Amino acid sequence: MPQRLLVILLVAALSLVVVAGQAVAAEPAKQDTIVLSVTGTGRVAVAPDTAAVTLGVTTTARTAQEAQQENTRLVASVIKAIVALGIPRENLQTVEFSVWPIYEEPIKGPDKAKIVGYRVNNNIRVTVDDPGKIGAVLDAGFAAGANQSHGIHFFKKNDAAERALALQNAVKEARAKAEVVARALGAKIVGIAAVRVENVYGPVPLRYSAQKVGAGEAGAIIEPGQVEVTASVAIDYKLGF
């Protein structure tokens, strides 16, 4: 092989070695990463602008017809009293109506059970645009013949803004948790692997129940206060070392 050609080949080979070495040196070292899963919860307090209460009328009689007739009379009286407060009729809704037999006690067996009467129950949900009126609704309903109340629910009609803010707060809490853990491990957050919105809850209802208020007793005092909108998220963060 001519000497000139040999020199050219040696120079070319050395050049390839140098270029390959530079490429290896330029390639960044791979970073070790792990995934950290955290959760966050956000809460937003809001003043309610609407309230709902369920009033019930329960009657018993020897026959189903008699129990239903008495129930119908009392329910009509309750509706009239509530409408007289200025609450539109369309804000009243029947949510349960039932008729049940009453058996003689003790029951010795299904074949020997004797029906001694009937119980009729009619529950009406009343929705008011002014939460401050809910006490007056209870008073008027009980005075007119209602003998049960199955709960009060305070809420805001449009709580989209509060739900969005609760989600933002949940994400902030999750991020804060991840940063604390990352610092403790000597790592840093380098990315997000996954995000899951677990729950977004509207205002939590106030549980309230009562039996019929007797004549002369003080009226119901119900304070709307504030209700809470909550949201929770689960986020998988990538940590680099």
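Using θ = phi - 60° and the Karplus curve 6.51 cos²θ - 1.76 cosθ + 1.60, what whole-Hz ³J(HN,Hα) does each residue of region 153-159 get, with Gly and Pro shown as x?
10, 9, 7, 10, 4, 10, 10
I need the peptides 120-129, 136-145 ranked by packing, meaning the mean over residues of other C-beta atoms within 10 angstrom, with the highest value on top. Write out the running numbers ahead of the final one.
Details: 120-129: 19.5, 136-145: 21.4.
The peptides rank, most packed first, as 136-145, 120-129.
Quick check: residue separation of Thr63 and Glu90 times 0.36 nm, minus the Cα distance between them. What number comes out in nm? Intermediate results must be reported in sequence, preceding the final value.
Details: separation 27, 0.36 × 27 = 9.72 nm, distance 3.17 nm.
Here the segment from Thr63 to Glu90 would lengthen by 6.6 nm.
Tyr103's amide H: which non-local residues (gap 5+, or another chain) put their own amide H closer than 5 Å, with H modeled 1.01 Å from N in plane and none for Pro or chain starts?
Those qualifying (amide H under 5 Å, at least 5 residues apart or on another chain) are Val116.
Tell me whether region 50-155 comes out rounded, prolate or oblate; compute the Cα gyration tensor, take square roots of the eigenvalues as a ≥ b ≥ c, and use a/c under 1.5 as the rounded threshold. Mind dumping the intermediate values first?
Numbers: a/c = 3.32, a/b = 2.36, b/c = 1.40.
Cα axes put region 50-155 in the prolate bin.
So what J values fall out for region 187-194 if you push phi through Karplus, 6.51 cos²θ - 1.76 cosθ + 1.60 with θ = phi - 60°, rounded to Hz, Gly and Pro as x?
Values per residue, Gly and Pro as x: 10, 9, 6, 10, x, 10, 8, 6 Hz.
Beta carbons within 10 angstrom, averaged per residue: use that to sort the peptides 80-86, 231-237, highest first.
Highest to lowest by the protection proxy: 231-237, 80-86.
Pull up all non-local amide H partners of Lys156: gap of 5 or more, or a different chain, and H-to-H distance under 5 Å with H placed in the peptide plane.
It is Asp49, by chain and number.
Report the full-extension gain for the segment Val195 to Lys80: residue separation times 0.36 nm, less the Cα-Cα distance, to one decimal in nm. Present the calculation step by step, with values, prior to reporting the outcome.
Working: separation 115, 0.36 × 115 = 41.40 nm, distance 5.22 nm.
Gain on stretching Val195 to Lys80: 36.2 nm.
Bear in mind these aren't lab numbers, they're just calculated from the coordinates by the rules spelled out. Everything quoted here is computed from the prediction, not taken from an experiment. Neighbour counts are summed over all protein chains in view; Cβ atoms, including those assigned to glycine, are modelled from backbone coordinates with ideal geometry.
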